[in-house]
Amino acid sequence: EDTLRRLLDHGWRPAQGPQAISVSLHTQAQEASDVSSRKNATKPSPQRSRSCSTSGKNASSAADSSAPNAHTVLADVPDLAQLQAESAALRAKNTELVQAQQEMASQLAAVRKENAELRRQLAQTRRAARQVEDIPPRVPEGRADEAEESSDASEPPPEFNAVQICGRMMEVYGAPIPNNIALEKRGHLLDAKMKDFLEVIDRAIQVTDLVSGKTLLKNFQEVQDRYLCVFRESGEKLKAGTTKRFFFEPSPPRRGAPTFCLDFESHEHLVTARPGTRLDGALGLLPPRNQDLLVLYEARDNKLTQMWVAPDREGLGKDRGTGEAVVAHSEIFQKFLEVVKLRLPKYQTHFHNYHEVDSIG
């Protein structure tokens, strides 16, 4: 009612009747009572307020204390990009290690190969040292010329005549080289035979056709090519022998003068290059043949310096009954004798018929 009065004093006028005003007043009073009761229910007591405040503070402090731990855990978790970068770095390092291992393996193989080569050279050196046991004493450089002069003055070197040199040459010429052996071994035998054969050949050698006067082999290289072809292609069936010989030496004998041998030779299974082609036989070969030749050799300074060749068409070498007198009056012999007289005006002659020499075996 007091409320109503105050409202009326302020100029408020109800739009409804008295009954509605009483109901409205009663409703407003009830609502005011409900609001007051709700306020009293929700207002905390001092003790409860203190406990709630304490619990709130504890919860806040707990939250604050747990916050750093959460950040620490998140910080400890690695980043995916960082893991990928570290993995790529490890793979690159692994690749470098593999390459280094491969380089070390190749270097080790090279060292082993070099070691094997050094061992081989050492073995060769030891074999050579065993083979050469008697080595002459080394002469000091200042006395080398004096030693050579004193040696030459006291003991002159031996001088071989045409007979001795031709004998050595024919011995090497007839040495067989088998065809049914390994190519490498056969090559070594061929090289050794050529080396021994060329030891008695002078660097200025020439081979001339006696009848035509044509030079058949002009120099040392052509002689080497020709006989290399003969030795290689003729094989082990190649044979050569001297049936008769005239030996011419100066009269009286003197050192440095040339000596001559006129040999009647018989060759079997002789293979040479085709005429007009390369002497080494690379452009064609003649079939194996037997051939009888007359060869005049000139020897000087322990070497064969000149050769004159002619075919033995009359068979003077093969005929056992043809002696020195018959051969000396033959036309072909007189032509050879003219060559000897031009180079050795004063000479003495020795004749050998090897048909009359008894063979053993």
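The values are calculated or read from the model by the stated rules, or taken from the named source; none is laboratory data. What you see is a predicted model, and the numbers here were worked out from it, not measured in a lab. Quick reminder, even Gly has a Cβ in these numbers, built from the backbone with ideal geometry, and neighbours come from all protein chains shown. In case anyone asks, the SASA skips ligands and DNA or RNA and just uses the protein heavy atoms, side chains included. Shrake-Rupley method; radii C 1.70, N 1.55, O 1.52, S 1.80 Å.
Just a few scattered comments:
- Scanning the stretch 162-176 for residues that are touching a residue at least 60 places away in the same chain (Cβ under 8 Å) and open to solvent by less than 70 Å² (accessible area, probe 1.4 Å) yields Ala162, Val163, Ile165, Cys166, Met169, Met170, Tyr173, Gly174.
- The set of residues in the stretch 327-346 that are part of a helix (DSSP H, G or I) and open to solvent by 100 Å² or more (accessible area, probe 1.4 Å) comprises Glu331, Glu338, Lys341, Leu342, Arg343.
- Filtered residue count, the stretch 208-229, keeping only those that are surrounded by fewer than 17 Cβ atoms within 10 Å (Cβ to Cβ) and either of a type in the set (Lys, Arg) or touching a strand residue (DSSP E or B) at 6+ places or on another chain (Cβ under 8 Å) (or both): 8
- Matching residues in the stretch 154-206 - criterion: being under 35 Å from the mean Cα position of the chain (by Cα) and of a type in the set (Phe, Trp, Tyr): Phe197
- Residue in the stretch 143-154 that is exposed (fewer than 10 other Cβ atoms within 10 Å of the Cβ) and either over 30 Å from Val200 (Cβ atoms) or modelled with pLDDT of 85 or more (or both) present: no
- Evaluated against (1) in a helix (DSSP H, G or I); (2) surrounded by 14 or more Cβ atoms within 10 Å (Cβ to Cβ); (3) not hydrophobic (A, V, I, L, M, F, W, C), His352 falls short on exactly one condition, (1).
- Entry remark, the stretch 286-326: residues being among the charged types (D, E, K, R) and not in a loop (DSSP other than H, G, I, E, B) number 6 in total.
- Screening Leu279, Leu286, Leu293, Leu316 for residues that are open to solvent by 20 Å² or more (accessible area, probe 1.4 Å), over 22 Å from Ile205 (Cβ atoms) and touching a residue at least 12 places away in the same chain (Cβ under 8 Å) leaves exactly one candidate, Leu286.
- Every listed requirement among (1) at pLDDT below 95; (2) under 17 Å from Asp209 (Cα atoms) is met by Glu331 save one, (1).
- Cβ pairs under 8 Å, 6+ apart, first in the stretch 203-218 and in contact (Cβ under 8 Å) with a residue 12 or more places away in the chain, second in a strand (DSSP E or B) and of a type in the set (Gly, Ala, Ser): Asp209/Ala310; Leu210/Ala310; Val211/Ala310
- Scanning the stretch 177-204 for residues that are surrounded by 14 or more Cβ atoms within 10 Å (Cβ to Cβ), farther than 18 Å from Ala240 by Cβ and touching a strand residue (DSSP E or B) at 6+ places or on another chain (Cβ under 9 Å) turns up just one, Asp202.
- Scope the stretch 277-306; condition out of contact with any helix residue (DSSP H, G or I) (no Cβ under 9 Å at 6 or more places or on another chain) and of a type in the set (A, V, I, L, M, F, W, C); matching residues: Leu283, Leu286, Leu293
- Among all positions in the stretch 248-269, there is no residue which is open to solvent by 40 Å² or more (accessible area, probe 1.4 Å), within 41 Å of the chain's Cα centre (by Cα) and either on the phi < 0 side of the Ramachandran plot or in contact (Cβ under 8 Å) with a residue 60 or more places away in the chain (or both).
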